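J.: Before we start, here is the structure in question, set down as structure tokens.
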Amino acid sequence: MYKLPEDFIFGGATAAYQAEGATKEGGKGLVAWDEFLEKQGRFSPDPASDFYHQYPEDIRLCEKFGVNGIRISIAWTRIFPDGTGEVNQEGVDFYHNLFAECQKRNITAFVTLHHFDTPKTLFDKGDFLNRENLDAFVDYAEFCFKEFHEVHYWSTFNEIYPVATNQYLLGTFPPSVKSDFSMIIQCLHNMMVAHARTVNLFKDNNYPGEIGVVHSLETKYPATDSPEDQHAAFLDDALSVRFLLDATYLGYYSDKTMQALEEIAEANGATYEFLEEDFEIMKKASHRNDYLGINHYQCHFVKAYDGETQIHHNGTGDKGTSVYKVKGIGERIYKEGLKRTDWDWLIYPEGMYDILMRIKEDYPHYNKIYITENGMGYKDEFEDGVIMDEARIDYLKVYLEAIGKAIEDGVNVKGYFLWSLMDLFSWTNGYNKRYGLFYVDFETQKRYPKASAYWYKRLSETKTIS
Ligand code: BGP
């Protein structure tokens with residue numbers, strides 16, 4: 001039985017575009033998703049969980065259920081509707097009001113500056129592939145640091161690897177490009193430069209509070225002990241995990257990372273440009289991160305693969321439909337005997353323990369870690385206002401145990417943000433993949449605590465995982 005530290009944060013996570021709704025209210029500018037989803041016609045980001053209007057109720061529920069931290073993101077286009085230039089005061093006021101509500105109820109806000117929602121004006125000019133947009137991001141960050149004194153914890157980006165691969169490998173995010181490794185590598189690097197520039201700005205100006213970045217870190221294991229499978233897992237890991245951790249904590253890419261990168265680039269005919277000055281910036285920032293945010297849901301078993309890229313994204317919850325074979329990297333397989341969700345996400349908490357231990361060993365100056373997302377997407381059954389989500393509780397228990405074990409083994413984990421606080425809109429899955437502690441009836445916007453919310457409340461009170 002594991003006991004978590006007294007000062008541990010038991011948080012709930014959200015993101016602006018997935019929770020707020022009100023995409024056309026309050027002077028908000030457009031993001032690429034607006035047009036993309038409308039064209040796709042599968043589901044709408046409005047009203048989502050209507051957090052834009054319901055936030056006082058959600059923050060009240062946090063207090064009532066022992067959720068003492070909330071992860072939110074600021075929608076860049078509520079502040080700068082065109083990405084740069086004129087400020088939209090209504091958007092600024094909205095976030096001041098939201099933070100005031102958090103303060104009133106003693107809920108610590110962890111604020112992400114960018115969670116998949118680049119302003120459309122900048123997105124159309126190449127998003128983070130265009131270096132001018134890095135300037136725009138840093139300016140937006142600076143505005144937020146100067147304006148929102150209520151915020152103590154800042155994260156620059158949410159999940160740089162999924163941004164790059166969902167936009168330019170799978171094509172599930174706008175602009176829906178498939179298998180362009182030049183774009184993938186350049187996007188990863190440029191976003192890490194933007195992160196480093198923002199950290200340097202924050203520290204050079206002594207803004208109060210702490211700053212970090214949120215990475216999606218999914219552990220990769222070889223499917224078998226064969227050297228070919230081991231190499232495939234090494235390549236998959238190098239691009240999705242090691243590249244970002246090197247950039248964050250070393251400020252350069254280690255020889256091992258570069259070796260893998262070159263192999264992947266060559267197989268896919270990719271070119272990229274890393275400037276000397278980028279590394280100066282990244283090096284300066286590499287010892288200035290106050291914390292690392294880790295999003296971790298699943299892990300991958302990888303086997304060697306020789307063919308062309310073939311991907312099918314399971315965005316419907318039809319178990320067994322996902323296919324992931326990438327040229328020059330490998331194939332992710334379903335490992336016999338392991339449980340997985342309806343969306344084919346493998347439940348393997350050892351992956352959480354292993355990534356935490358690895359960070360402690362490979363990047364010993366990581367300072368501290370927050371698990372900024374972990375949770376289970378599930379087709380919840382709603383019966384007369386009661387939601388018995390035992391499968392989710394089982395999932396949370398084993399993952400929190402893995403965190404407890406890592407803490408016992410010396411990893412400095414200071415908090416956990418369950419994805420998600422309330423049910424919300426999922427980018428590529430819509431509304432039937434629910435994650436929340438609170439069930440949302442999207443018609444009425446009424447919230448209903450699930451069994452997991454009562455379980456989480458007890459956990460937050462006792463700090464004991466049982
Ligand atoms: C992370 C994102 C979140 C959220 C979560 C669950 O990658 O940061 O925004 O969506 O994954 O993913 P999904 O909604 O695809 O199930």
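Readers should treat all values here as calculations from the given coordinates under stated rules, not as data from a laboratory. Since we're looking at a predicted model, the values are computed, not measured. So basically every Cβ, Gly included, is an ideal-geometry build from the backbone, and we count neighbours across all protein chains shown.
J.: Give the cross-link partners of Lys39 among the lysines, using a straight C-alpha distance below 16 Å as the criterion and excluding same-chain residues fewer than 8 apart.
T.: Once the sequence-local lysines are set aside, what remains near Lys39 is Lys120.
J.: Between beta-carbons, use under 10 Å as the cut-off and find the net charge around Thr372, counting Lys and Arg +1, Asp and Glu -1.
T.: Here the count lands on -1.
J.: Got a sec to turn the phi values of segment 235-244 into Karplus ³J(HN,Hα) couplings, 6.51 cos²θ - 1.76 cosθ + 1.60 with θ = phi - 60°, whole Hz, x for Gly and Pro?
T.: In residue order, the calculated couplings are 5, 4, 5, 4, 6, 8, 10, 5, 4, 6 Hz.
J.: Excluding residues fewer than 8 places away in the same chain, name every one of the aspartates and glutamates whose C-alpha is closer than 18 Å to that of Lys335.
T.: Correct list for Lys335: Glu218, Asp225, Glu228, Asp229, Asp236, Asp237, Asp318, Asp344, Glu350, Asp354.
J.: For Asn295, enumerate residues with amide H under 5 Å from its amide H, sequence gap 5+ or separate chain, H modeled in the peptide plane.
T.: When sequence neighbours closer than 5 places are left aside, the close amide H contacts are His215, Ser216, Leu217, Thr372, Glu373.
J.: Taking H placed 1.01 Å from N in the peptide plane, check which residues at least 5 places from Tyr324 or on another chain put their amide H under 5 Å from its amide H.
T.: His312, Arg332
J.: Right, next: According to the square roots a ≥ b ≥ c of the eigenvalues of the Cα gyration tensor, what is the shape class of segment 116-239, taking rounded for a/c under 1.5, prolate for a/b larger than b/c otherwise, and oblate for the remainder?
T.: oblate
J.: Please check which bits of segment 291-313 a label hung off Ala267 would reach, taking the label as a point 7 Å along Cα-to-C-beta and the cut-off as backbone N under 13 Å.
T.: It comes to 302-310, nothing else.
J.: Once you charge only the Cβ atoms, +1 for Lys and Arg and -1 for Asp and Glu, what is the size of the charge dipole of the chain about its Cα centre, to the nearest 20 debye?
T.: 980
J.: Excluding residues on the same chain fewer than 8 positions from Lys339, give the lysines whose Cα lies under 18 Å from its Cα.
T.: Excluding near neighbours in sequence, the set is Lys220, Lys319, Lys379, Lys397, Lys433.
J.: Would you please classify the overall shape of segment 347-402 from the alpha carbon gyration tensor, given that a ≥ b ≥ c denote the square roots of the eigenvalues, rounded means a/c under 1.5, and beyond that prolate means a/b larger than b/c while oblate covers the rest?
T.: It comes out prolate by the Cα gyration axes.
J.: Roughly what percent of Cα-Cα pairs across the chain reach past 28 Å?
T.: Above the 28 Å cut-off, the chain has 48 percent of its Cα pairs.
J.: What's the longest bit of the chain with no exposed GluC sites (Glu not before Pro), using DSSP loop states and at most 13 other Cβ atoms within 10 Å as the test?
T.: Formally, the longest exposed-site-free interval is 87-272.
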